[in-house]
Amino acid sequence: MKISEIQELLDAEVVCGEDLLEKEVYAACGSDMMSDVLAYVKDQAVLLTGLVNTQVVRTAEMMDMVCIVFVRSKSPTEDMIAMARESGMVLLKTRKRMYEACGKLYVGGLRGNGVAT
């Protein structure tokens with residue numbers, strides 16, 4: 001699924017990375033616990049989170065993620081935006097809650113990363 005499709009499905013605002021919306025992603029993860037992201041995410045994925053601090057961008061960068069979606073109208077800080085730009089990462093924000101956002105992406109065809117929990 002292209003990031004532009006994720007933006008459309010979630011009625012999301014692009015915070016940064018407008019030029020990267022045609023990148024393909026193959027998995028998604030929804031979590032506010034970065035330790036879970038580190039433990040269970042593989043492949044290039046989208047991270048959905050309501051957590052707003054620089055650790056989110058650092059974690060996504062370590063996991064080779066290409067997009068972070070902030071749920072519940074959370075807005076990343078200027079530091080986070082600068083870090084994401086430097087890493088070539090797309091930041092989106094949506095008014096949807098985590099549950100609804102994950103469900104819309106799943107129904108739209110974006111699956112998890114295949115790791116059993």
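Per residue, what volume in Å³ does the Cα convex hull of region 17-64 take up?
Details: hull volume 3.8 nm³, N = 48.
Hull volume over Cα atoms, normalised by residue count, gives 80 Å³.
Local charge sum around Lys2 (other residues, Cβ-Cβ under 12 Å, Lys/Arg +1, Asp/Glu -1)?
Value of the local net charge: -3.
Below 11 angstrom from the Cβ of Gly88, what's the summed charge of the other residues (Lys, Arg +1; Asp, Glu -1)?
It works out to a net charge of -2.
By what distance, in whole Å, do the Cα atoms of region 40-85 stretch along each of the three principal axes, largest value first?
Answer, in whole Å and largest first: 26, 21, 14 Å.
Run the reach check for Lys23 against aspartates and glutamates, Cα to Cα strictly under 15 Å, same-chain hits fewer than 8 apart removed. What comes back?
Glu5, Glu8, Asp43, Asp64
May I ask you to rank Ser87, Ser31 by accessible area, largest first, using a 1.4 Å probe over the protein chains only?
If we order Ser87, Ser31 from most to least accessible, we get Ser87, Ser31.
Are there any GluC sites (Glu not before Pro) in region 1-84 that are in a DSSP loop and have at most 11 other Cβ atoms within 10 Å? List them by number.
Glu22
With Rg and the Kirkwood Rh both taken from Cα atoms, where does Rg over Rh land for region 4-105?
Radius of gyration over Kirkwood radius for region 4-105 works out to 0.90.
For the chain, what are the DSSP H helices with axial Cα length of 27 Å or more and mean Kyte-Doolittle hydropathy of at least 0.0? Numbers along the way, then the final one.
Numbers: long enough: none.
Long hydrophobic helices here: none detected.
In whole percent, what relative contact order does the chain give with Cα contacts below 8 Å and a gap of six or more residues?
RCO, the chain: 33 percent.
Where both residues lie in region 16-117, what percent of DSSP beta bridges are antiparallel, nearest 5?
DSSP beta bridges in region 16-117 are roughly 10 percent antiparallel.
The values are calculated or read from the model by the stated rules, or taken from the named source; none is laboratory data. All figures in this text were calculated on a predicted structure; none of them were measured in a lab. Positions of Cβ are backbone-derived with ideal geometry, glycine not excepted, and every protein chain shown enters the neighbour counts. For accessibility, only protein heavy atoms count, side chains too; no ligands or nucleic acids. Shrake-Rupley method; radii C 1.70, N 1.55, O 1.52, S 1.80 Å.
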